[in-house]
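Worksheet: one structure, shown below.
The values are calculated or read from the model by the stated rules, or taken from the named source; none is laboratory data. Since the model is a prediction, treat every value here as computed from it, not as a measurement. As a convention, Cβ positions derive from the backbone with ideal geometry for all residues, glycine included, and neighbour counts pool all protein chains shown. Note: accessible area is taken over every heavy atom of the protein model, side chains too, but ligands, DNA and RNA are not part of it. Shrake-Rupley method; radii C 1.70, N 1.55, O 1.52, S 1.80 Å.
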Amino acid sequence: MAARVVRGMSAPPEVVFNTATDPARASAWLPAPLRNDGSPPAEVSGEELRARWGDADWAAEIRVAPADSGGARIQLDLSDGSGTDPDQLADEALTNLVREVADNLQAG
């Protein structure tokens, strides 16, 4: 099953992307089967602000684009092989990412 969730944020796109792809922060927002042992995403394109994580059963791809007023538009495509609700998992993942970005901005 697959899901696509899109959300806007008031943070700059580069901050959102760097937070999303930071291996130390990935475990806080990615669904559990995609959390690595602290290694980076399987594919990263900093130029396109796109990253992909995955294995045989699960995959996540995030794309971050500029939005109005210096914010960001985040698109998360999530495929899972567990039979659970991928829409809910994708929505929860983006909610967790938004929290991580806010924490990152407050920290620095």
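Using amide H atoms built in the peptide plane, which far-off residues or other-chain residues are under 5 Å from ALA11 H to H?
HN-HN under 5 Å from ALA11: ALA72.
Before anything else, pin down the relative contact order of the chain: Cα pairs under 8 Å, at least 6 apart, normalised by residue count, whole percent.
That works out to 37 percent.
State in Å² the accessible area per residue of the chain; use a 1.4 Å probe, count heavy atoms of protein chains only, and round to the nearest integer.
53 Å²
How large is the helix-only mean residue ellipticity at 222 nm for the chain, computed as the sum of -39500 (n - 2.57) over DSSP H runs with n ≥ 4, divided by its residue count, in deg cm²/dmol to the nearest 500?
My calculation for the chain gives -11000 deg cm²/dmol from helical runs alone.
What dipole magnitude, in Debye to the nearest 20, does the chain give about its Cα centre under +1 on Lys/Arg Cβ and -1 on Asp/Glu Cβ?
Dipole of the chain, to the nearest 20 debye: 220 debye.
For the range 88-95, in order, what is each residue's ³J(HN,Hα) by Karplus, 6.51 cos²θ - 1.76 cosθ + 1.60 with θ = phi - 60°, in whole Hz (x at glycine and Pro)?
5, 4, 5, 5, 5, 4, 5, 4
Roll a 1.4 angstrom probe over the protein heavy atoms and tell me the percent of accessible area of the chain that is carbon or sulfur.
45 percent
Can you divide the C-alpha Rg of the chain by 2.2 N^0.38 Å and report the result to two decimal places?
Relative to the 2.2 N^0.38 Å estimate, the chain comes out at 0.98.
Who wins for biggest fluctuation among ALA20, ALA93, ALA67 in a Gaussian network model of the chain, springs between alpha carbons below 10 Å?
Looking only at ALA20, ALA93, ALA67, the biggest GNM fluctuation is shown by ALA67.
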